[in-house]
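Undergrad: Pasting in a structure now, in structure tokens, and then I'll have a few things to ask.
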Amino acid sequence: MWLSSLLPPPPPSGRMAYPLRAIRPFFPDIPSGPASAPMQNPVAITRAYAGPPGRQIHYRRAVPPVAAMVRRPLVLFHQNPASSFEYEGVMRDMGRDRLVIAPDTPGYGQSDGPDAPPDMAGYAALLLAALPEMGIDAASGCDLYGFHTGALIAVEAALARPDLVRHLALTGLPMRDAAERAERLRAAHATPPLDEAGESILGTARALWDYVVTARAPAVPLRRAALNWRDKMGALDRLHWAYFGVWSYDYTARLPQLTCPCLLVQPDEDIRAQSLAAAALIPDHRIAELPQWNRDIFDLPDAITAIAAQLRGFFDDPSASRSFS
């Protein structure tokens with residue numbers, strides 16, 4: 001099995017079958033999944049499609065009662081390989097007082113896939129084109145939040161539509177050094193195709209199970225972790241497509257061009273240092289660190305509450321707003 005052959009032998013005991021850093025070149029931004037923070041009045045999440053046949057974008061939405069919808073809409077871009085499934089907990093919290101939209105990146109979740117892997121700007125363009133049908137337009141504007149790969153898509157969306165995006169929040173900017181990005185890009189290009197014996201995809205499934213399920217945070221239930229694994233396997237042999245854009249991304253050229261206020265919400269994950277360094281390239285940025293957590297932040301109710309509190313405080317703070325006069 002191609003992926004297993006590239007990993008070190010598993011330890012004889014312990015929950016983690018493979019060290020996290022060993023499988024990062026293949027699954028660099030996997031630590032997440034949906035969970036529900038306790039709510040007095042749970043927010044319902046519905047699903048729909050936007051866009052033309054063959055290029056439909058699947059999305060989740062949380063809509064509060066009209067009387068409670070007092071804040072700007074929020075759009076969430078997920079990590080890859082994953083889908084908007086991972087954001088359900090955050091949606092239930094943030095959806096108490098605003099429309100929350102979480103689309104599946106093209107080719108992931110239940111969104112139709114492109115014919116070839118786009119770059120980050122290409123993914124952003126496909127998602128931006130679908131937002132009006134989802135209820136997002138420049139008149140009201142929106143706030144964006146992106147996690148790992150979704151953070152880069154969110155950056156590109158903000159650069160492409162400064163008239164639309166009011167605030168930008170990010171977690172886990174995967175800015176590796178040039179040599180490491182080149183090696184990870186090479187590994188992505190070396191991903192083998194499907195084969196009749198299933199060796200390549202079963203090897204991927206095994207390595208992904210080891211990371212998502214076996215090595216999960218102790219508080220994450222087994223079934224929740226297994227659902228996360230199923231969600232991430234949905235793209236099959238194309239789950240690496242987004243990483244062509246991730247590992248070829250030019251951070252030093254793109255991040256300094258941002259003009260909207262930005263917040264980095266950063267847990268103590270293994271790319272913390274790289275993410276902080278990337279945030280320093282953004283002209284108008286602030287940082288909120290979450291040292292209590294290092295993975296599975298969308299599976300843990302306390303982490304969801306903390307993330308939502310940071311997002312709400314930033315998005316709704318008049319002093320963090322940009323003038324459009």
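The values are calculated or read from the model by the stated rules, or taken from the named source; none is laboratory data. Source: prediction; values computed, not measured. Cβ coordinates were reconstructed from backbone atoms using ideal geometry, including for glycine residues, and neighbour counts include every protein chain displayed.
Undergrad: Would you check if Ala303 is within 19 Å of the chain's Cα centre (by Cα), closer than 16 Å to Phe147 by Cα and surrounded by fewer than 19 Cβ atoms within 10 Å (Cβ to Cβ)?
TA: no
Okay, residues lined up against (1) surrounded by fewer than 20 Cβ atoms within 10 Å (Cβ to Cβ); (2) touching a Gly at 6+ places or on another chain (Cβ under 6 Å); (3) at pLDDT below 95:
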| site | (1), (2), (3) |
| --- | --- |
| Arg60 | no, no, no |
| His78 | no, yes, no |
| Tyr87 | no, no, no |
| Tyr108 | no, no, no |
| Asp119 | yes, yes, no |
| Leu131 | no, no, no |
| Met134 | no, no, no |
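Undergrad: Shifting gears a bit: So which of Arg98, Arg92, Arg55 is of a type in the set (Lys, Arg) and in contact with a Ser or Thr (Cβ under 7 Å, 6 or more places away or on another chain)?
TA: Arg92 is the lone residue from the list that is of a type in the set (Lys, Arg) and in contact with a Ser or Thr (Cβ under 7 Å, 6 or more places away or on another chain).
Undergrad: Of the residues Leu264, Leu276, Leu311, Leu255, only one is outside any loop (DSSP other than H, G, I, E, B), touching a His at 6+ places or on another chain (Cβ under 7 Å) and modelled with pLDDT of 95 or more; which? If you could, list the steps in order and put the result at the bottom.
TA: Working: Leu276 fails: touching a His at 6+ places or on another chain (Cβ under 7 Å); Leu311 fails: touching a His at 6+ places or on another chain (Cβ under 7 Å); Leu255 fails: touching a His at 6+ places or on another chain (Cβ under 7 Å).
It is Leu264.
Undergrad: Related question: Assuming Asp210 fulfils every condition listed in (1) crowded, with 18+ Cβ neighbours inside 10 Å; (2) acidic (Asp, Glu); (3) under 19 Å from the mean Cα position of the chain (by Cα) apart from one, which condition is it?
TA: Unmet condition: (3).
Undergrad: Sort out which residues of segment 102-122 are assigned to a helix (DSSP H, G or I) and over 25 Å from Val212 (Cα atoms), and write them in order of number.
TA: Answer for segment 102-122, where residues must be assigned to a helix (DSSP H, G or I) and over 25 Å from Val212 (Cα atoms): Ala121, Gly122.
Undergrad: Right, something else. Could you tell me which numbered condition Ala160 fails, if it satisfies all but one of (1) aliphatic (A, V, I, L, M); (2) surrounded by fewer than 19 Cβ atoms within 10 Å (Cβ to Cβ); (3) over 30 Å from Arg71 (Cα atoms)?
TA: (3)
Undergrad: Scan segment 92-101 and tell me whether some residue there is part of a loop (DSSP other than H, G, I, E, B), of a type outside the set (Lys, Arg) and within 22 Å of Tyr249 (Cβ to Cβ).
TA: no
Undergrad: Which numbered condition in (1) without any contact (Cβ under 8 Å) to a residue 12 or more places away in the chain; (2) charged (D, E, K, R); (3) assigned to a helix (DSSP H, G or I) is the only one that Glu86 fails?
TA: Every listed condition holds for Glu86 apart from (1).
Undergrad: I'm trying to understand the selection: among the residues of segment 195-217, which are among the basic types (Lys, Arg) and outside any helix (DSSP H, G or I)?
TA: Residue satisfying the conditions is Arg216 alone.
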